[in-house]
Amino acid sequence: MALHSEDCLGISAFAGELEMGVLIRDIQEIIEPVQPLFIPVTDPFFSGLISIRGSIIPVLSLRSVFHVSKQSFSNKDNKYVVCVSGSEKIAISVDAVGDPFRFAPEDLNEVTEKTDELMFKLLPKSVQLDKKRLPMLSIPDLIQYGTRLNTKKREEAGYIS
């Protein structure tokens with residue numbers, strides 16, 4: 001999907017020391033974390049469910065997804081970034097939200113170096129900013145990944161066939 005210039009706004013988010021970008025068009029809101037409702041028989045990256053204005057939203061921990069153990073920020077920096085992809089919503093738990101940024105459509109490129117299979121799948125593009133190349137998180141791929149892993153976990157436990 002090609003980006004128009006009005007779509008070329010992002011915000012950086014941190015999972016430990018891993019910094020990534022999220023397109024503003026994918027973000028519904030950024031909120032302070034609340035205690036999620038634990039759901040058994042789910043993958044460890046799945047923190048649980050939260051309710052926001054009558055909507056039940058799954059929460060995924062980006063630190064767990066990317067296996068980042070070191071937290072470089074204080075707990076007061078933690079946020080939930082509520083994202084939308086089509087009719088699906090997800091809250092991603094991040095260690096901190098960074099600065100917004102603007103980029104030209106031609107600065108967004110496919111990642112060609114496949115250092116880690118999961119990162120290659122969930123961070124398929126990157127954008128060249130002034131002094132760094134920032135990987136961009138694919139919200140649709142993150143939702144699909146979470147759904148697939150939770151389904152697998154439930155199949156293994158015999159809840160679904």
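For the residue pair residue 130 and residue 114, what label-to-label distance in nm results when each label sits 7 Å from Cα along the Cα-to-beta-carbon direction?
It is 3.6 nm.
Suppose each label sits 7 Å from its Cα in the direction of the beta carbon; what would the residue 152-residue 32 distance come out to in nanometres?
3.7
Mind pulling up the Rg/Rh value for the range 10-153? Radius of gyration and Kirkwood radius, both on Cα.
Rg/Rh: 0.94.
Which loop trypsin sites (Lys or Arg not before Pro) in the range 68-100, with loop taken from DSSP, have no more than 13 other Cβ atoms within 10 angstrom of their Cβ?
Loop-located and lightly packed - 70.
Treat every Asp and Glu Cβ in the range 10-153 as -1 and every Lys and Arg Cβ as +1, leave all other atoms uncharged, and give the resulting dipole magnitude about the Cα centre to the nearest 20 debye.
320
As an exercise, identify the GluC sites (Glu not before Pro) in the range 79-129 lying in DSSP coil whose Cβ has no more than 13 other Cβ atoms within 10 Å.
113
Where does the chain land at 222 nm, in deg cm²/dmol rounded to the nearest 500, when only DSSP H runs of n ≥ 4 count, each adding -39500 (n - 2.57), divided by all residues?
-5000 deg cm²/dmol
Please arrange 118, 62 by how many other C-beta atoms lie within 10 Å of their C-beta, fewest to most.
So the residues, fewest neighbours to most, are 118, 62.
Tell me, what is the percent relative contact order of the chain, built from C-alpha pairs under 8 Å that lie six or more residues apart?
With pairs under 8 Å counted, the relative contact order is 25 percent.
Relative to the longest principal Cα axis of the chain, at what angle does helix 139-156 sit, 0 to 90 degrees, rounded to 10?
Tilt relative to the chain: about 20 degrees.
Mean-square fluctuation check for the chain, GNM, Cα pairs under 10 Å: which of 98, 16, 54 is largest?
54
What pairs in 70/132; 132/153; 131/153; 131/152; 76/121 have C-alpha atoms more than 32 Å from each other?
132/153; 131/153; 131/152
Any read-out appearing in this document is the output of simple, stated calculations on the displayed coordinates, not a laboratory observation. As the structure is a prediction and not an experimental result, all values here were calculated from the model. Because the Cβ atoms are built from the backbone with ideal geometry, glycine has one as well, and the counts that use them run over all protein chains shown.
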